[in-house]
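J.: Sharing a structure, written as structure tokens. Questions coming.
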Amino acid sequence: MQIGVLGPFEIRAADGGLADVPGARLRALLVALALEPGRVVPKATLVDWIWGEQPPADATNSLHRLVSRLRKALPDGVIEGHPAGYRLAVEPDAVDAVRFERLIAEGRAQEAVALWRGSIPREVGSAAFDAAVSRLEELRLSALEDGGAEQIPELTDLVAAHPLRERLAAALMRALAAAGRGSEALQVYQRTREALADELGADPSSELSSLHVALLRGEGGPSPAPERRTNLRAELTSYVGKGDDVEAVRGLVARHRLTTLIGPGGTGKTRLAGETARTLVDELPDGAWLVELAPIGADGDVAQATIAALGLRDAMLGGTPAADLTERLITAVRDREALLILDNCEHVIEAAATFAHRVLGECRGLRILATSREPLGITGEALWQVEPLPSASAVELLRDRASAVRQDLPDDEATMARVCQALDGMPLAIELAAARLRTMTLDQLAHRLDDRFRLLTGGSRTALPHHRTLRAVVDWSWELLTDAERTVLRRLSVFSGGATLEAAERVCEDPDVFELLTSLTEKSLLVTTGDQAPRYRMLGTIYEYAVQRLAEAGETESARQAHLAWFTELAETADPHLRRAEQLEWLAVLAVEHDNLAAAMRGAIAAGDAQAAMRLAAGAGWYWWLAGHKAEGLELLIAATEVPGEVTDEVRAVAYALAVHFVSSGRSVEHRLSEWVHKAYEYCLRSRPSGPWLGIVGALERMERTPHELLSAWEPLLDDADPWVRALARLHLGKSRIILGHSGREADDYLEAALAEYRALGERFGIWFALTELSERTAVRGNLAGACELVEEAIAAVTELGSVEDVIRMRGRQAQMWWMLGEEEASAAALAEAERQAGRVTWQDALGELAWSKAELARWRGDSAGAREHLAVALALLGANAQAMADDQLAYLTEDVGEARAHRTAAYRAMAESGYAPLVAQMLVGVADLALRQGDAARAAQLLAASSRVRGIGYASHPDVARIERETRNRLGDKGFAEAVAEGERADWRQPAEVTLAS
């Protein structure tokens, strides 16, 4: 994170994007902390900084609230609280004002002044804030008083703003004189003399007067042209985004005599070398010299190119004419202190390495900065990997170059970022894209980048041939590869998200794959990631090129098949481990390969390979569910089942079983569920697949055929050989008792036993499932604080798996529980966390459940409009299966009793025959509310009692139940209420419900 104080306030996140800190006081708080990075700033100091002489009555709490708001706007952990105050946990150089003061102290005034982006806004009227701003501005003015010709515009503005500051006037006079503008310098003196006389009645100081006399004598003008010490040409464009790299490479050149900049073509190696050399020219007695090797060809002479670059004629070369050119060059430059830039070494890598080794060995004052797509491979060589531009810098470069060819460019940062991301942040590709904006819009450019090699062809006519088109950049590298390297590179294009060594060996089918991967990495065509076992991947441009080369070689299908086989085997190997304690290790393995699994699956579906698609779906399905890829997993599972063709019974059985699990786990139940259950059971009976699915599918089939015998469906699995299945059976037996409305603790006992077994297995999905059910039971019994603790445990378990969808649902429910406890701040925090996580998923059930939780919370708070809005969202996401629940909620919201009765009747018809006791109980509470609104308090009390009997347990802590009970007691009195409750406990719940709905 970078904090900009020197000018309009700005914060740049790690990805280069701007963060918003709204409000002057919030910004003032951050500035106060930023000026003391890494140190604890006392609370009293912060209060004085923000409010000055008029602090609020409760200053400490006001400060705490400001800090809380600031924490939400910044990355986690950046602001630390301490007993004495608060600390901003950033490096000092992350704050431009702190970096400015450091550079001033080091005597690097020009660099320091360059950090300023404008005036510092004085948004807060405290004396402490004003004093800090004044101190920084004074330091800036002092630094500018030593400025040179390049600062004439800024000095001119400052002299106008501070007409009595003589040192500023002197600095401007010297700068103008050095630029050959002596008459203007004399005019500055005259204006300053008049200002001093008018304002102070004083004459200029002796120093300013002496400078004036010197200028009148013609002294202090431009110096004679110095001897030429470089052949570096002036650049026509600004240098964007690599300032820190220049400093780093400059440091390497200072410490090492040979430094090589390596990276793929188009990353800006030549420009970085040139920019670094420019900063060193004045420090090297014999300058810095660019040696361009690209034009000399593979058999060219590096020494001859160097002689030409240095401008050495025969008379200046040492040695005899018969000596080799390298020897004669060494004789000529042996005692020079200079920097040679050997640019584009890759096609003459051996010759360049030999030349560098020999010259550096004999010319002790010489240093070499080389650019190449691979290292020279000499002992003592320092390497700097030239990376693509980060997103913000890439967008800045595109905007800068595009503005030169198109004045009406729209400020569409999102589309620009998309273009830059597609081009991997490669400076050359971005510049080629910017040139295209002469004749097309930004949107057209963004949509045509799939054909980037045909599109990006308009490079500079003066550029090297291999820098004029994007394809030429990659062709240059391709032509330098061996046949074996080309084969590996093109076959690697079948991977998405990179490849391990083992996967590459399987797909590339070459015994020397490791050596070839290493060579391709050194040649900057592959990038390695990972701290332990490396992964090999390509930048997007190299990937697109390799895909085309794979098709040209006729190897696309064979590479796809090998890729599919490898990842199918990996998924099948991992699957059983995902239901044991080692599940996190295997989830991590599959998470890294997520893109490869999806690509293999989509490739099999597109090829119409039913067996392969269903087999991979069966192997990867549980991973998709467990790791929180439910929407994508369901999409791929359904697509696989729809591919026509022969598939083995065992594979079909598991794939259909997983599809059933996906679609039956939310409110928006797929209409084909029964069909899939029967198919899964049929295929299981035929093949008797290994793993847990035979028993689970059997239980689901029994539930479908005899839904009234819910308990007997799962009881046979209590003796299953798989402990995971046994635990699942206990969990469902507990949940079934809740569904059936059993009273007592038998359901809890089953759930607790399942939880114990899952904990023994170390299986976090089961732990989460059991804790979720137990938290609801605990909440219904009225122990809301205990329920919140269980929810927190469940979230901790499922978070380890990475299943964000489940966290969203649980945070939404937890927000309701905290609200029922009166903890509105904790409720808001839980809801905010749920909303933050919701931005990361597309699983409609999770988003629908969150909308549902928000709707109920809004209704309980009395926000009818908000409740209706959230209900509409929930219904749109969850579909027609949630209509009955929506009717139940809408009946509470409408003021018209007739309309409420219509909603209650619709909910009653849908829920009454569901057989799901908690749902029926909830519906009866709603009918009780209708009875109360119709003036029948006795029947409302009967319906509340019926609801508790149906559920098997009372839910007195629920806001609707508590409200209805309170109002009926007030109307009936304690005795009347007790009599009505006793009647409700005896009677069939349908009778008071139907009477109420018919009234």
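J.: Only one of these conditions is not met by Leu46: (1) under 23 Å from Gly7 (Cα atoms); (2) out of contact with any Gly (no Cβ under 9 Å at 6 or more places or on another chain). Which number is it?
T.: (2)
J.: So, one more: Show me the helices (runs of 4 or more DSSP H) entirely contained within the range 719-821 in which 2 or more residues are of a type outside the set (Phe, Trp, Tyr), within 20 Å of Ala846 (Cβ to Cβ) and modelled with pLDDT of 90 or more.
T.: On the way: elements: 723-740, 746-761, 764-780, 784-801, 804-820.
Per the criteria, 764-780, 784-801, 804-820.
Residue-by-condition table, conditions (1) assigned by TED's automatic domain parsing to the domain that holds Phe100; (2) in a helix (DSSP H, G or I); (3) closer than 26 Å to Glu106 by Cα; (4) not hydroxyl-bearing (Ser, Thr, Tyr):
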| site | (1), (2), (3), (4) |
| --- | --- |
| Ala132 | yes, yes, yes, yes |
| Leu164 | no, no, no, yes |
| Arg167 | no, yes, yes, yes |
| Val188 | no, yes, no, yes |
| Asp198 | no, yes, no, yes |
| Ala202 | no, no, no, yes |
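J.: In addition: Specify which of the listed residues (Ala956, Ala931, Ala978, Ala962) is in a helix (DSSP H, G or I), in contact (Cβ under 8 Å) with a residue 12 or more places away in the chain and not polar (S, T, N, Q).
T.: Values: Ala956 fails: in a helix (DSSP H, G or I); Ala978 fails: in contact (Cβ under 8 Å) with a residue 12 or more places away in the chain; Ala962 fails: in contact (Cβ under 8 Å) with a residue 12 or more places away in the chain.
Result of the check over Ala956, Ala931, Ala978, Ala962: Ala931.
J.: Now a separate question. Tell me which of these Leu35 doesn't satisfy, since it passes every other one: (1) surrounded by 14 or more Cβ atoms within 10 Å (Cβ to Cβ); (2) over 30 Å from Val395 (Cβ atoms).
T.: Failing condition for Leu35: (2).
J.: Filter the range 619-633 down to residues that are over 20 Å from Ala604 (Cβ atoms) and assigned to a helix (DSSP H, G or I), then give me how many there are. Can you show your working first?
T.: Pass one, the range 619-633, residues over 20 Å from Ala604 (Cβ atoms): 626-628, 630.
Next, from what is left, pick out any that are assigned to a helix (DSSP H, G or I): 626, 630.
So the answer is 2.
J.: Still on this structure, please answer the following. Of the residues that make up the range 398-418, is at least one part of a helix (DSSP H, G or I), among the hydroxyl-bearing types (Ser, Thr, Tyr) and outside the structural domain of Arg328 (by TED's automatic domain parsing)? Please lay out each step first, then the result.
T.: If we filter the range 398-418 for residues that are part of a helix (DSSP H, G or I), which is where we start, we get 398-405, 413-418.
Going one step further and asking which of them are among the hydroxyl-bearing types (Ser, Thr, Tyr), we end up with 403, 415.
Next cut, outside the structural domain of Arg328 (by TED's automatic domain parsing) only: 403, 415.
Yes - at least one qualifying residue is present in the range 398-418.
J.: Which condition from (1) at pLDDT 90 or above; (2) part of a loop (DSSP other than H, G, I, E, B) is the one that Glu572 breaks?
T.: The one condition Glu572 does not meet is (2).
J.: Residue check: is Gly608 farther than 14 Å from Glu569 by Cβ and either touching a strand residue (DSSP E or B) at 6+ places or on another chain (Cβ under 9 Å) or not in a helix (DSSP H, G or I) (or both)?
T.: Numbers: farther than 14 Å from Glu569 by Cβ: yes; either touching a strand residue (DSSP E or B) at 6+ places or on another chain (Cβ under 9 Å) or not in a helix (DSSP H, G or I) (or both): yes.
Yes.
J.: Is it the case that some residue within the range 428-447 is hydroxyl-bearing (Ser, Thr, Tyr) and modelled with pLDDT of 85 or more? Reasoning before the result, please.
T.: Kept after step one, since they are hydroxyl-bearing (Ser, Thr, Tyr), are these residues of the range 428-447: 439, 441.
From what's left, modelled with pLDDT of 85 or more: none.
Scanning the range 428-447, I find no residue that is hydroxyl-bearing (Ser, Thr, Tyr) and modelled with pLDDT of 85 or more, so the answer is no.
J.: Arg65 versus (1) more than 30 Å from Leu397 (Cα to Cα); (2) out of contact with any strand residue (DSSP E or B) (no Cβ under 6 Å at 6 or more places or on another chain); (3) in contact (Cβ under 8 Å) with a residue 12 or more places away in the chain: which is the lone unmet condition?
T.: Looking at each condition in turn, Arg65 falls short on (3).
J.: Name, by its number, the condition in (1) closer than 24 Å to Ala591 by Cβ; (2) modelled with pLDDT under 70 that does not hold for Ala463.
T.: If we test Ala463 against (1) closer than 24 Å to Ala591 by Cβ; (2) modelled with pLDDT under 70, just (1) comes out false.
J.: Right, something else. Inside the range 110-140, can you point out the residues that are more than 37 Å from the chain's Cα centre (by Cα) and of a type outside the set (D, E, K, R)?
T.: Result: Gly125, Ser126, Ala127, Ala128, Ala131, Ser134, Leu139.
J.: Something else about it: Taking interchain pairs and intrachain pairs at least six residues apart, which have beta carbon atoms under 8 angstrom, with the first residue in the range 826-851 and more than 14 Å from Leu878 (Cβ to Cβ) and the second surrounded by 21 or more Cβ atoms within 10 Å (Cβ to Cβ) and among the aromatic types (Phe, Trp, Tyr)?
T.: Ala826/Trp818; Ser827/Trp818; Ser827/Trp819; Ala830/Trp818
J.: Turning to a different aspect of this structure: If you go through the range 59-72 one residue at a time, do you hit one that is outside the structural domain of Ala417 (by TED's automatic domain parsing) and within 20 Å of Asp96 (Cα to Cα)?
T.: Of the range 59-72, the ones outside the structural domain of Ala417 (by TED's automatic domain parsing) are 59-72.
Of the ones still in play, those that are also within 20 Å of Asp96 (Cα to Cα) are 70.
Yes, because at least one residue in the range 59-72 is outside the structural domain of Ala417 (by TED's automatic domain parsing) and within 20 Å of Asp96 (Cα to Cα).
J.: Please count how many residues of the range 968-999 are surrounded by fewer than 15 Cβ atoms within 10 Å (Cβ to Cβ) and of a type in the set (Asp, Glu).
T.: Of the residues in that region, 3 qualify.
J.: Now, a different point. Filter the range 547-561 down to the residues that are among the aliphatic types (A, V, I, L, M), crowded, with 17+ Cβ neighbours inside 10 Å and more than 17 Å from Asn596 (Cα to Cα) and list them by number.
T.: Within the range 547-561, the subset among the aliphatic types (A, V, I, L, M) is 547, 550-551, 553, 559.
Okay, now just the ones that are also crowded, with 17+ Cβ neighbours inside 10 Å, so 550, 559.
Listed by number, the list holds a single entry, Leu550.
J.: A follow-up question, please. Which ones in the range 661-680 are of a type in the set (Lys, Arg) and modelled with pLDDT of 65 or more?
T.: Step one: of the range 661-680, the residues of a type in the set (Lys, Arg) are 667, 672, 679.
Scanning the range 661-680 gives Arg672, Lys679.
J.: Kindly indicate the residue of the range 504-532 that is in contact (Cβ under 8 Å) with a residue 60 or more places away in the chain and buried (at least 23 other Cβ atoms within 10 Å of the Cβ) and also farthest from Thr568 (Cα to Cα) among those meeting that condition.
T.: Among them, the one singled out is Ser524.
J.: Identify, from the list Pro22, Pro42, the residue that is more than 30 Å from Ala417 (Cβ to Cβ) and either assigned by TED's automatic domain parsing to the domain that holds Arg102 or polar (S, T, N, Q) (or both).
T.: Numbers: Pro22 fails: more than 30 Å from Ala417 (Cβ to Cβ).
Result: Pro42 is the single residue among Pro22, Pro42 that is more than 30 Å from Ala417 (Cβ to Cβ) and either assigned by TED's automatic domain parsing to the domain that holds Arg102 or polar (S, T, N, Q) (or both).
J.: I'm checking my understanding of the structure. Among residues of the range 831-877 that are surrounded by 18 or more Cβ atoms within 10 Å (Cβ to Cβ) and assigned to a loop (DSSP other than H, G, I, E, B), which one is modelled with the highest pLDDT?
T.: Per the stated criteria, the residue is Val841.
J.: Can you name the helices (runs of 4 or more DSSP H) wholly within the range 1-81 that have at least 2 residues being more than 28 Å from Leu115 (Cβ to Cβ), modelled with pLDDT of 80 or more and touching a helix residue (DSSP H, G or I) at 6+ places or on another chain (Cβ under 7 Å)? Full working, then the answer.
T.: Values: elements: 24-34, 43-51, 59-73.
Of the helices (runs of 4 or more DSSP H) lying wholly inside the range 1-81, those with at least 2 residues that are more than 28 Å from Leu115 (Cβ to Cβ), modelled with pLDDT of 80 or more and touching a helix residue (DSSP H, G or I) at 6+ places or on another chain (Cβ under 7 Å) span 43-51, 59-73.
J.: With the requirement that a residue be part of a helix (DSSP H, G or I) and either over 45 Å from the mean Cα position of the chain (by Cα) or within 23 Å of Leu578 (Cβ to Cβ) (or both), what does the range 696-709 give you? Outline the logic, then answer.
T.: Here is the first cut: in the range 696-709, the residues part of a helix (DSSP H, G or I) are 696-705.
Those that are part of a helix (DSSP H, G or I) and either over 45 Å from the mean Cα position of the chain (by Cα) or within 23 Å of Leu578 (Cβ to Cβ) (or both): Ile696, Val697, Gly698, Ala699, Leu700, Arg702, Arg705.
J.: If you scan the range 532-548, which residues turn out to be assigned to a helix (DSSP H, G or I) and either among the hydrophobic types (A, V, I, L, M, F, W, C) or under 23 Å from the mean Cα position of the chain (by Cα) (or both)? Even if it seems obvious, please write down each step before you answer.
T.: From the range 532-548, those assigned to a helix (DSSP H, G or I) are 540-548; that's our starting set.
Within the range 532-548, Gly540, Thr541, Ile542, Tyr543, Ala546, Val547 qualify.
J.: Could you count how many residues in the range 86-106 are surrounded by fewer than 19 Cβ atoms within 10 Å (Cβ to Cβ) and not in a helix (DSSP H, G or I)?
T.: Number satisfying all stated conditions: 4.
The values are calculated or read from the model by the stated rules, or taken from the named source; none is laboratory data. Bear in mind the structure is a predicted one, so any value in this text is a computation, not a measurement. Glycine gets a Cβ as well: all are built from the backbone with ideal geometry, and neighbour counts include every protein chain shown.
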